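Single-structure report; data block below.
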Amino acid sequence: MTLRETEAIDLPTPNGPMRTFLFRPAAPGRYPGIVLYSEIFQMTGPIARTAAFLAGHGFLVVVPEIYHEFLPAGTVLAYDQAGADQGNRLKTEKELSAYDADARAVLAFLKTHPASTGKLGVMGICIGGHIAFRAAMNPEVPAGVCFYPTDLHKRGLGKGMNDDSLARTAEIKGELLMIFGRQDPHIPAEGRVMIYAVLSAAGTHFTWHEFNGAHAFLRDEGFRYDPEIAHLTLGMAVDFFRRKLSEGDLRPASA
């Protein structure tokens, strides 16, 4: 379906306003909501296109800036060494509690938006996959998609690089869709085995998929992009969210 023009909204958080981008179908009605967490580079072209893809399948999608307390609103880090260095530095300067506070703020906004059904999912890519994992701990989230969640196995998120994400796995009461690239050096085989074991021990409801792809296989820029895997896995995410969140009232009875 076609989309409305993207809206930029500044949501209040304990650490200042958080620029958040809203993607929504043009057709009237209410839709399930998805919070999409970006890579360390924030709202790049590939992230915007992924958000538009999800919204075009009948979802209300929001993309929050993960480093809003450090960078001017609207800042996009480049896909180069300087951008990677800055993004990697900021991810370990931000307090772990601030990631969680941001998640609560954006989920509350999405749940009460007039175009939302109130049913919420989260999805993230790279560091965003890790943040989505933590966001799925909120009880109002029945569905989470984590694309190669970076640093999850080595507790590397947030200031001090000693996060408790895996230790809190039992707090996730919804279902997870976990997607990895087997040639991803950031999440080696032993790291994936660790994550799988923790999810299983916690009794988490999850599905697990590994593909022969590199890190960032979903990003439609650069040599690591794999269109075939991206097409397949984005379709899997849409099917998963539709199953968990339903399609909302796209066809109101009055119509």
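Here are the numbers:
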| read-out | value |
| --- | --- |
| Cα-based shape type of the range 77-202, given that a ≥ b ≥ c are square roots of the gyration tensor eigenvalues and the cut on a/c is 1.5 | oblate |
| Set of lysines near Lys94 by C-alpha distance (under 30 Å), chain-local residues within fewer than 8 positions excluded | Lys111, Lys119, Lys154, Lys159, Lys173 |
| Estimated [θ] at 222 nm from DSSP helical runs (n ≥ 4, -39500 (n - 2.57)) normalised by residues in the chain, nearest 500 | -10000 deg cm²/dmol |
| Mean separation of Cα contacts under 8 Å (6+ apart) over length of the chain, as relative contact order % | 18 percent |
| Overall form of the range 81-145 per C-alpha gyration tensor (a/c, 1.5; a/b vs b/c) | prolate |
| Centroid-to-centroid separation of the range 193-210 and the range 1-46 [C-alpha atoms, Å] | 29 Å |
| Evaluated at q = 0.09, 0.10, 0.18 Å⁻¹: base-10 log I(q)/I(0), Debye formula over Cα of the range 1-144 | -0.24, -0.30, -0.99 |
| Anisotropy class of the range 7-245 from Cα gyration tensor, a/c 1.5 cut | rounded |
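Rule-based calculations on the coordinates, nothing more; no lab input. Remember, predicted model here, so these are calculated numbers, not experimental data.
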